[in-house]
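To start, the structure under review is shown below, and the notes come after it.
The values are calculated or read from the model by the stated rules, or taken from the named source; none is laboratory data. As the structure is a computational prediction, the values presented were derived from the model and not from experiment. When we count neighbours, we look across all protein chains shown, and the Cβ atoms used for this are built from the backbone with ideal geometry, even at glycine. Please note that ligands, DNA and RNA were not included when accessible areas were found on the heavy atoms of the full protein model with its side chains. Shrake-Rupley method; radii C 1.70, N 1.55, O 1.52, S 1.80 Å.
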Amino acid sequence: MRLDKYLKASRIIKRRTVANEACDAGRVVVNGKAARASYEVKIGDVIEVNLGMRPVKLQVRELNEAANKDNASQNYIILE
């Protein structure tokens, strides 16, 4: 699954276009490297999103495109 689509489906970022812009601006880091929106997310990847005052660091648990608001948080584990 593409990185921008994963961020939107997991409800980490509200809109896919915002996720795409954050990737282009270098605010999304995967496994220690700046990632493009087209990066293919894999289970076990560590994603850091630096939006706003508090950066979020999480690890991918599942790749579920059809996540709703009740089970979207099961797609990742917050590390910090």
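Key figures for this structure:
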item: Pairwise label distance in nanometres, ARG27 with GLU40, each label 7 Å out on the Cα-Cβ vector; result: 2.8 nm
item: The chain: most fluctuating residue of ALA37, ALA22, ALA66 per GNM, C-alpha cutoff 10 Å; result: ALA66
item: Accessible area per residue in Å² at 1.4 Å probe, computed on the chain; result: 64 Å²
item: Approximate spin-label separation GLN59-SER73, in nm, with each point projected 7 Å along Cα-to-Cβ; result: 1.9 nm
item: Percentage relative contact order, the chain, counting C-alpha pairs under 8 Å, at least six apart; result: 28 percent
